[in-house]
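A short write-up of the structure that comes next.
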Ligand SMILES: [Zn+2]
């Protein structure tokens, strides 16, 4: 069994052929999909989607959206997190990628802390977004006496940072970029980190693997990421699928 642990199928880019995309995933051996719904405008759509067989959902407020949301959104989020099919809070975290990020750092940290609070209160794992913010992220997480379990989604730090987050108890989400020729750092991370700490994800419609680079990504393409992990770890595809799936089931209580 293969599980795409991070998809954004509610995105408009799937409006024209969502059912076909999901069917293609199931036909390719992807048996479960976790829909990540981190913008309030997609929440209702994602909740509907999660009522289908083998699709689960995570709700959260993305760090790039912290200025757009209101207290009401947080109230609604808290309700959504209690939904049966909601298996995690996410994606939440810190994003220092864009030029104006310094203006929202305080707000990003407040929002992140508030949502970590929901995860603790409702005993759900977290899917963490950390873009160009890994050192701050590690310091932030270290400041918690007890942090929820979770995954650093689309990990893009150094092997050293990877080991730090793993020692905090987190899994690493590995995406399509591991298949890119220039992703030496990420390949090295996959090589060095225990496979029992790796999850696979597409982050579709973004980050298509090399074979489909430049195109819309979709859950069936996760096979390419898994192939690359198997090659780096020098194990069979089946073994890589089995272990990463076991990791997923363990983390998200599926
Ligand atoms: Zn994402």
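All of the numbers you see were taken from the coordinates with simple rules; none came from a lab. Worth saying up front: this structure is predicted, and the values here are computed from it rather than measured. Reconstructed Cβ throughout: ideal geometry from the backbone, glycine too, with neighbour counts over all protein chains shown.
Below, the figures for the structure above:
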item	result
Convex hull volume of segment 153-254 per residue (C-alpha atoms, cubic angstrom)	91 Å³
Virtual spin-label span in nm between residue 192 and residue 139, 7 Å along Cα→Cβ	2.1 nm
Computed lengthening from residue 106 to residue 236, 0.36 nm per intervening residue step minus Cα-Cα distance	42.3 nm
Pairwise FRET efficiency - residue 82 versus residue 216, Cβ, R0 = 25 Å, nearest 0.05	0.20
Packing-based exposure ordering (other Cβ within 10 Å, fewest first) of 175, 136, 194, 203	194, 136, 203, 175
Histogram of C-alpha separations across segment 1-55, 10 Å bin width, %	24, 60, 15, 0
Inter-site label distance for residue 28 and residue 123 at 7 Å from Cα along Cβ, in nm	3.6 nm
Extended-chain gain in nm, criterion 0.36 nm per residue less alpha-carbon gap, residue 167 and residue 54	37.6 nm
Gaussian network model of the chain, Cα within-10 Å springs - most flexible of 123, 234, 134	234
Residue 12-residue 74 FRET efficiency (beta carbon distance; Förster radius 30 Å; 0.05 resolution)	0.75
Cα-based equivalent ellipsoid of segment 2-252: semi-axis lengths in Å, sorted from largest, via gyration tensor	25, 22, 17
The chain: relative contact order as a whole-number percent, Cα under 8 Å and 6+ apart	20 percent
Within a Gaussian network of the chain (alpha carbon springs, distance under 10 Å), most fluctuating of 167, 37, 156	167
222 nm mean residue ellipticity, helices alone, for the chain (DSSP H n ≥ 4; -39,500 (n - 2.57); rounded to 500)	-12000 deg cm²/dmol
Highest-fluctuation residue, 54, 196, 27 considered, GNM on the chain with Cα pairs under 10 Å	27
